[in-house]
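Visitor: So that we are looking at the same thing, I have put the structure below in structure tokens.
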Amino acid sequence: MRISHSAAALITTNSLLACVSGYSFEQSTYTNESEVPFYGLSPPVYPTPEGNGKSSLAWAAAYVKAREFVAQLDLEEKVNLTVGYQTSVCHGHTGSVPRLGFGGLCFEDGPSGIRGQDFVSAFPAGSHLAATWDKNLMYAYGKAIAEEEKGKGVNVILGPVGGPAGRVTRGGRVWEGPGPDPYLIGIQLGQLVTGIQDNGVIACSKHWLFNEQEYRRLPTINYGEAMSSNVDDLTMHELYAWPFMNALRAGSGAVMCSYQRANNSYSCQNSKLMNGVLKTELGFEGFVVSDWGGQQSGVASANAGLDVVMPWFGWWQNLTTMVTNGSVSIERLDDMATRQMASYYFLKQDEKYPDLSISPYNVQHPIIDVRDNHSQLIREIGAAGTVLVKNTNKTLPLKASTARFVSIFGYDAEVKAEAWEDPTRYGGGYDVNWGWNTFNGTLITGGGSGSNSPPYVVSPFQAIQQRVVANKGMLRWDFFSGNPTVEASTQVCLVFINSYSSESFDRLSLTDEFSDNLVNNVATNCSNTVVVLHAAGTRLVESWIDNENVTAVIYAGLPGQEAGSSLVDILFGDVTPSGKLSHTVARKEEDYGEVLNSTIDYSAFPQSNFTEGVYIDYRAFDRNGTVPRFEFGFGLSYTTFTYSNISIVQRDNVSVAEYPSKNISIVQGGHPELWDVLFEISAVITNTGEVAGAEVAQLYLGIPTAPVRQLRGFDKVMVQPEEAATALFEVTRRDLSTWDVVAQEWKLQKANYTVSIGASSRDLRLNSTIVL
Ligand code: BGC
């Protein structure tokens, strides 16, 4: 079924009427599948549940304080709290209440470091972090970015990113988050939120929900409304909302609603998504803030569950009128203000929070250096998220003897030397909004709000040169030619290429001719060509991967400011590679099917139907029998591992029933029993090679009626040569459940579940079964 434009308009109108007249719907269940709303239809869910702090003692205490605070405010002050102002200091700043000593909340981007500031760090992108598959590093990253934001007095980090999930392979923002697997995104989101909030900063998990492409993400005067992502109920739960459950479970104090429409109702006025799923089903206690300029209505958004509008666009000035004339209740307004203050108290920001010290770049200001020793962590994550995918005859690691004469090619090897005239560009071509674009030098991050502000960049050329100097070797280089001269005595040619991507547009290709020609041209004259690829998203390699002179290939991701140091750690074997791909690399672009490109629709009410359901990335490749070039979860090491001794133990203190029990109070993150660990699964990983290395052991479950296998656990273990370590996977009720659209509940099935443990989604070494 394809929804017609008139139907789309009708739904929006119905939602509006429903809230204007105060018509109220409960979260419903259905008696059969035909009653379940099809994608394209967003059922109205009203009123907004009031936040109440029942999730934990800490939330309860925060709510007591928040209510006391809000009780002292007059109407204008309450309204003022719900509005964000974009200032030259904060990207968004909510209204203050000076007489009560509350200065408002300062919001800043973002997910990989503070944007547009000096003496802050440029962390690797979210996709790079995901490629580490390392929960400890995810936590440490969250803690470190929060230390920096807090050090500058920022209250709310606009991150982490849990969506785009990466449905659209060429989507412009896929690199900001972990990639197309909900389980991996969920773990990363949970760890980041915990790391951020353990350090006292409010995490704002974004974007809620279905913001999977940049094309027509916002309405325009010329074309019409924004794209509608039409997603069925099961897919919403099992794929797109899933990771946010982890973020909420970890306590996320804020959530950002997204730009586009969701089932034909703007996300920031979508009562099903905010009142229904987020605040009822998932028990969200914090506040929802609009993406910047993402609020498209007044009454409708207020009653659908939006709590804070960013930034001031005029709509919200009418909130006082809306409350006075009854179209928005005073209880709703109180709830908006209370939710915001509850997050503030939940994070204890009322107790000695640093003063705000964010400054515009063109105003002289004292140095506030918040970087601490984060460069070490950045370097470690940079190396841990570097993925080795080809290594013929042990080309890598390089040694002093095999790399005495090194040649370096490609603009991606060095920070661009040319100065830019644009004053907002600094650091050799870096732009506060756009990062570096393709021809601007080595790619350390992508563009847009997910970008960051490097205090310096250690380029690959700089770091390699340093190593070559130490080894008493020599270098030749050419950063610009597409067909450079290779000196006959060169022992190894390092070719650097990249693939840029940014917020606000989607990519047109997963390859580029200049770079592919460069690799082939060098390889023609150099029998030991090593390719290093920095990429914001998926980058295909078919035109040269089988070239026998291409002896090693490294996906170096988006590593942040220590790019060169991290790379040298891997190239010279100081660190054994352990990164694994967090997305599938296909042999050809068409293999991604319909979701290769963003949906293009020129109509006034554009529609993007997510008809593939949960079948994106490896789920689709597995179902279709498509052979990828490099599968999800793949990555090589300098050592080898064997897998043995699979063990499955049922936790005897939890009941395994079909549904989670009724009459249990929902807490933030959803039904608490979904998080019960039902099974502990483990395997022994033995290092059979010669060097120490870490292995990411992955657990895949074959859940009946779902894709043939889905990631449901991973454990990264460090193992010394000839030693063994145990990889442990805790499998929760949710991990084994599917979403029952009729009952509107997660449900286990009385069936056999296949259990596979392996080194990637296709290199499955151990198999067993769980019988429920
Ligand atoms: C992005 C958000 C970002 C906000 C503020 C928007 O364009 O979609 O992710 O946090 O801008 O910069």
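Visitor: Free of Cβ contacts under 8 Å to residues at least 24 places away in the same chain and either within 30 Å of Asn687 (Cβ to Cβ) or open to solvent by less than 40 Å² (accessible area, probe 1.4 Å) (or both), is that true of Asp601? Steps first, please.
Guide: On the way: free of Cβ contacts under 8 Å to residues at least 24 places away in the same chain: no; either within 30 Å of Asn687 (Cβ to Cβ) or open to solvent by less than 40 Å² (accessible area, probe 1.4 Å) (or both): yes.
Spelling it out, it is not the case that Asp601 is free of Cβ contacts under 8 Å to residues at least 24 places away in the same chain and either within 30 Å of Asn687 (Cβ to Cβ) or open to solvent by less than 40 Å² (accessible area, probe 1.4 Å) (or both).
Visitor: For the list (1) open to solvent by 10 Å² or more (accessible area, probe 1.4 Å); (2) within 25 Å of Ser501 (Cα to Cα), I need the number of the one condition that Gly573 fails.
Guide: Among (1) open to solvent by 10 Å² or more (accessible area, probe 1.4 Å); (2) within 25 Å of Ser501 (Cα to Cα), the lone unmet condition for Gly573 is (2).
Visitor: Test Gly283 against the criterion of being part of a loop (DSSP other than H, G, I, E, B), at pLDDT 95 or above, surrounded by fewer than 24 Cβ atoms within 10 Å (Cβ to Cβ) and more than 16 Å from the ligand (Cβ to nearest atom), and give yes or no. It would help to see each step written out before you state the result.
Guide: Numbers: part of a loop (DSSP other than H, G, I, E, B): yes; at pLDDT 95 or above: yes; surrounded by fewer than 24 Cβ atoms within 10 Å (Cβ to Cβ): yes; more than 16 Å from the ligand (Cβ to nearest atom): yes.
Spelling it out, Gly283 is indeed part of a loop (DSSP other than H, G, I, E, B), at pLDDT 95 or above, surrounded by fewer than 24 Cβ atoms within 10 Å (Cβ to Cβ) and more than 16 Å from the ligand (Cβ to nearest atom).
Visitor: I need the strands (runs of 3 or more DSSP E) fully contained in the stretch 474-592, keeping only those with at least 3 residues that are under 33 Å from the mean Cα position of the chain (by Cα).
Guide: Working: elements: 474-478, 492-499, 529-535, 550-555.
Of the strands (runs of 3 or more DSSP E) lying wholly inside the stretch 474-592, those with at least 3 residues that are under 33 Å from the mean Cα position of the chain (by Cα) span 492-499, 529-535, 550-555.
Visitor: Sticking with this structure for a sec: Kindly establish whether Ser297 is away from the ligand (no atom under 16 Å from the Cβ) and either open to solvent by 20 Å² or more (accessible area, probe 1.4 Å) or in the same structural domain as Ser258 (by TED's automatic domain parsing) (or both). It would help to see each step written out before you state the result.
Guide: Details: away from the ligand (no atom under 16 Å from the Cβ): yes; either open to solvent by 20 Å² or more (accessible area, probe 1.4 Å) or in the same structural domain as Ser258 (by TED's automatic domain parsing) (or both): yes.
Considered against the rule, which asks whether it is away from the ligand (no atom under 16 Å from the Cβ) and either open to solvent by 20 Å² or more (accessible area, probe 1.4 Å) or in the same structural domain as Ser258 (by TED's automatic domain parsing) (or both), Ser297 comes out as yes.
Visitor: Quick one: what pairs do we get from the stretch 638-665, first residue within 30 Å of Glu285 (Cβ to Cβ), second part of a loop (DSSP other than H, G, I, E, B) and open to solvent by less than 80 Å² (accessible area, probe 1.4 Å), C-beta under 6 Å, 6+ apart or different chains?
Guide: Val654/Asp676; Glu658/Leu748; Pro660/His671
Visitor: Confirm whether Lys416 is modelled with pLDDT under 90, more than 23 Å from Leu137 (Cβ to Cβ) and either of a type in the set (Gly, Ala, Ser) or open to solvent by 10 Å² or more (accessible area, probe 1.4 Å) (or both). Before the answer, list the steps.
Guide: On the way: modelled with pLDDT under 90: yes; more than 23 Å from Leu137 (Cβ to Cβ): yes; either of a type in the set (Gly, Ala, Ser) or open to solvent by 10 Å² or more (accessible area, probe 1.4 Å) (or both): yes.
Yes, satisfied.
Visitor: Across the stretch 604-627, what is the total count of residues that are open to solvent by less than 10 Å² (accessible area, probe 1.4 Å) and out of contact with any helix residue (DSSP H, G or I) (no Cβ under 8 Å at 6 or more places or on another chain)?
Guide: Count: 4.
Visitor: Another question about this same structure. Suppose we keep only residues that are within 16 Å of the ligand (Cβ to nearest atom) and open to solvent by less than 10 Å² (accessible area, probe 1.4 Å) within the stretch 498-542. Which one would you say is farthest from Phe630 (Cα to Cα)? Write out each step before concluding.
Guide: Of all residues in the stretch 498-542, those within 16 Å of the ligand (Cβ to nearest atom) come to 501-506, 536.
Next cut, open to solvent by less than 10 Å² (accessible area, probe 1.4 Å) only: 501-502, 536.
Working: Ser501: 21, Ser502: 24, Ala536: 17 Å.
Among residues in the stretch 498-542 that are within 16 Å of the ligand (Cβ to nearest atom) and open to solvent by less than 10 Å² (accessible area, probe 1.4 Å), the one farthest from Phe630 (Cα to Cα) is Ser502.
Visitor: Given the criteria closer than 22 Å to Leu701 by Cα and assigned to a loop (DSSP other than H, G, I, E, B), does Gly200 qualify?
Guide: Numbers: closer than 22 Å to Leu701 by Cα: no; assigned to a loop (DSSP other than H, G, I, E, B): yes.
Taking the combined requirement at face value, the residue does not satisfy it.
Visitor: Name the single residue that is farthest from Val83 (Cα to Cα) among those in the stretch 310-360 being open to solvent by 20 Å² or more (accessible area, probe 1.4 Å) and among the acidic types (Asp, Glu).
Guide: The residue in question is Glu351.
Visitor: When you check Phe630 against the structure, is it outside the structural domain of Met718 (by TED's automatic domain parsing) and either open to solvent by less than 60 Å² (accessible area, probe 1.4 Å) or not aliphatic (A, V, I, L, M) (or both), yes or no? Before the answer, list the steps.
Guide: Details: outside the structural domain of Met718 (by TED's automatic domain parsing): yes; either open to solvent by less than 60 Å² (accessible area, probe 1.4 Å) or not aliphatic (A, V, I, L, M) (or both): yes.
The answer is yes for Phe630.
Visitor: Right, here's the next one. Only one of Leu57, Leu73 is more than 16 Å from the ligand (Cβ to nearest atom) and open to solvent by 30 Å² or more (accessible area, probe 1.4 Å). Can you tell me which? I'd like the intermediate steps shown before the answer.
Guide: Numbers: Leu73 fails: open to solvent by 30 Å² or more (accessible area, probe 1.4 Å).
Sole residue among the options that is more than 16 Å from the ligand (Cβ to nearest atom) and open to solvent by 30 Å² or more (accessible area, probe 1.4 Å): Leu57.
Visitor: I'm trying to understand the selection: among the residues of the stretch 96-112, which are within 15 Å of the ligand (Cβ to nearest atom) and assigned to a loop (DSSP other than H, G, I, E, B)? So that I can check it myself, show each step before the final result.
Guide: Within the stretch 96-112, the first condition is being within 15 Å of the ligand (Cβ to nearest atom), and the residues that meet it are 105-112.
Listed by number, the residues that qualify are Leu105, Asp109, Gly110, Ser112.
Visitor: Does Gly537 meet the test of being more than 30 Å from Thr611 (Cα to Cα) and in contact with a strand residue (DSSP E or B) (Cβ under 8 Å, 6 or more places away or on another chain)? Break it down into steps so the answer makes sense when it comes.
Guide: Working: more than 30 Å from Thr611 (Cα to Cα): no; in contact with a strand residue (DSSP E or B) (Cβ under 8 Å, 6 or more places away or on another chain): yes.
Taking the combined requirement at face value, the residue does not satisfy it.
Visitor: Let me ask you something else. Would you check if there is a residue in the stretch 493-502 being aliphatic (A, V, I, L, M), farther than 25 Å from Val387 by Cβ and touching a helix residue (DSSP H, G or I) at 6+ places or on another chain (Cβ under 6 Å)? Reasoning before the result, please.
Guide: Of the residues in the stretch 493-502, the ones aliphatic (A, V, I, L, M) are 494-495, 497.
With farther than 25 Å from Val387 by Cβ added as a condition, the list becomes none.
Within the stretch 493-502 (the criterion being aliphatic (A, V, I, L, M), farther than 25 Å from Val387 by Cβ and touching a helix residue (DSSP H, G or I) at 6+ places or on another chain (Cβ under 6 Å)), the answer is no, since none of the residues qualifies.
Visitor: Another question about this same structure. Residues in the stretch 202-218: is at least one over 26 Å from Glu33 (Cα atoms), of a type in the set (Ser, Thr, Tyr) and free of Cβ contacts under 8 Å to residues at least 40 places away in the same chain? Please lay out each step first, then the result.
Guide: If we filter the stretch 202-218 for residues that are over 26 Å from Glu33 (Cα atoms), which is where we start, we get 202-207, 211-218.
Narrowing the set further to residues that are of a type in the set (Ser, Thr, Tyr) leaves 205, 215.
Subset that is free of Cβ contacts under 8 Å to residues at least 40 places away in the same chain: none.
No, because not a single residue in the stretch 202-218 is over 26 Å from Glu33 (Cα atoms), of a type in the set (Ser, Thr, Tyr) and free of Cβ contacts under 8 Å to residues at least 40 places away in the same chain.
Visitor: So, one more: Just a yes or no: is a residue in the stretch 268-278 modelled with pLDDT of 95 or more and within 16 Å of the ligand (Cβ to nearest atom)? Quick ask: steps written out before the conclusion?
Guide: Here is the first cut: in the stretch 268-278, the ones modelled with pLDDT of 95 or more are 268-278.
Then keep just the ones that are within 16 Å of the ligand (Cβ to nearest atom); that gives 268.
Yes.
Visitor: A further question follows. Go through Asn525, Asn521 for me and flag whichever is of a type outside the set (A, V, I, L, M, F, W, C) and in contact with a Cys (Cβ under 9 Å, 6 or more places away or on another chain). Steps first, answer last, please.
Guide: Values: Asn521 fails: in contact with a Cys (Cβ under 9 Å, 6 or more places away or on another chain).
Matching residue, one of Asn525, Asn521: Asn525.
Visitor: Now a separate question. Scan the stretch 462-485 and tell me whether some residue there is within 16 Å of the ligand (Cβ to nearest atom), open to solvent by 10 Å² or more (accessible area, probe 1.4 Å) and touching a residue at least 40 places away in the same chain (Cβ under 8 Å). Give the derivation first.
Guide: Step one: filter the stretch 462-485 for residues within 16 Å of the ligand (Cβ to nearest atom), giving none.
So far as the stretch 462-485 goes, no, none of its residues is within 16 Å of the ligand (Cβ to nearest atom), open to solvent by 10 Å² or more (accessible area, probe 1.4 Å) and touching a residue at least 40 places away in the same chain (Cβ under 8 Å).
Visitor: Something else: Would you confirm whether any residue within the stretch 190-212 is touching a strand residue (DSSP E or B) at 6+ places or on another chain (Cβ under 7 Å), open to solvent by less than 10 Å² (accessible area, probe 1.4 Å) and farther than 30 Å from Arg734 by Cα?
Guide: no
Visitor: Right, something else. Does the stretch 113-130 contain at least one residue that is in a loop (DSSP other than H, G, I, E, B), more than 16 Å from the ligand (Cβ to nearest atom) and open to solvent by 10 Å² or more (accessible area, probe 1.4 Å)? Don't jump to the end; show me each part of the working.
Guide: Filtering the stretch 113-130 down to residues in a loop (DSSP other than H, G, I, E, B) leaves 114-125.
Within this subset, residues satisfying the condition of being more than 16 Å from the ligand (Cβ to nearest atom) are 118-119, 121-122, 124.
Next cut, open to solvent by 10 Å² or more (accessible area, probe 1.4 Å) only: 118-119.
The answer is yes; a qualifying residue exists.
Visitor: Please determine, by comparing only the residues of the stretch 132-154 that are of a type outside the set (S, T, N, Q) and in a loop (DSSP other than H, G, I, E, B), which one is surrounded by the fewest Cβ atoms within 10 Å (Cβ to Cβ).
Guide: Checked the stretch 132-154; the qualifying residue surrounded by the fewest Cβ atoms within 10 Å (Cβ to Cβ) is Gly153.
Visitor: Return a yes/no flag: does the stretch 155-175 have any residue that is within 16 Å of the ligand (Cβ to nearest atom), in a helix (DSSP H, G or I), open to solvent by 10 Å² or more (accessible area, probe 1.4 Å) and touching a Pro at 6+ places or on another chain (Cβ under 9 Å). Walk me through it before giving the result.
Guide: If we filter the stretch 155-175 for residues that are within 16 Å of the ligand (Cβ to nearest atom), which is where we start, we get 155-166, 168, 171-175.
Subset that is in a helix (DSSP H, G or I): 174-175.
Cutting the leftovers down to open to solvent by 10 Å² or more (accessible area, probe 1.4 Å) gives us 174.
Now drop any that are not touching a Pro at 6+ places or on another chain (Cβ under 9 Å), which leaves 174.
Yes, there is a match, as at least one residue in the stretch 155-175 is within 16 Å of the ligand (Cβ to nearest atom), in a helix (DSSP H, G or I), open to solvent by 10 Å² or more (accessible area, probe 1.4 Å) and touching a Pro at 6+ places or on another chain (Cβ under 9 Å).
Visitor: Among the residues of the stretch 241-248, is there at least one that is within 16 Å of the ligand (Cβ to nearest atom), buried (at least 24 other Cβ atoms within 10 Å of the Cβ), modelled with pLDDT of 95 or more and in a loop (DSSP other than H, G, I, E, B)?
Guide: No: the stretch 241-248 contains no residue that is within 16 Å of the ligand (Cβ to nearest atom), buried (at least 24 other Cβ atoms within 10 Å of the Cβ), modelled with pLDDT of 95 or more and in a loop (DSSP other than H, G, I, E, B).
Visitor: Also, quick follow-up: So Thr686 clears everything in (1) assigned to a loop (DSSP other than H, G, I, E, B); (2) open to solvent by 20 Å² or more (accessible area, probe 1.4 Å); (3) in contact with an Asp or Glu (Cβ under 9 Å, 6 or more places away or on another chain) except one condition, right? Which one?
Guide: Of everything listed in (1) assigned to a loop (DSSP other than H, G, I, E, B); (2) open to solvent by 20 Å² or more (accessible area, probe 1.4 Å); (3) in contact with an Asp or Glu (Cβ under 9 Å, 6 or more places away or on another chain), Thr686 misses just condition (1).
Visitor: Please go through the stretch 224-240 and give me each residue that is within 15 Å of the ligand (Cβ to nearest atom) and either of a type in the set (A, V, I, L, M) or surrounded by fewer than 24 Cβ atoms within 10 Å (Cβ to Cβ) (or both), ordered by number.
Guide: Ala226, Met227
The values are calculated or read from the model by the stated rules, or taken from the named source; none is laboratory data. Note that the coordinates shown come from a computational prediction; the quantities given were computed from them, not determined experimentally. Note that we place each Cβ from the backbone using ideal geometry, even for glycine, and neighbour counts take in every protein chain shown. SASA here: full protein model, heavy atoms, side chains in, ligands and nucleic acids out. Shrake-Rupley method; radii C 1.70, N 1.55, O 1.52, S 1.80 Å.
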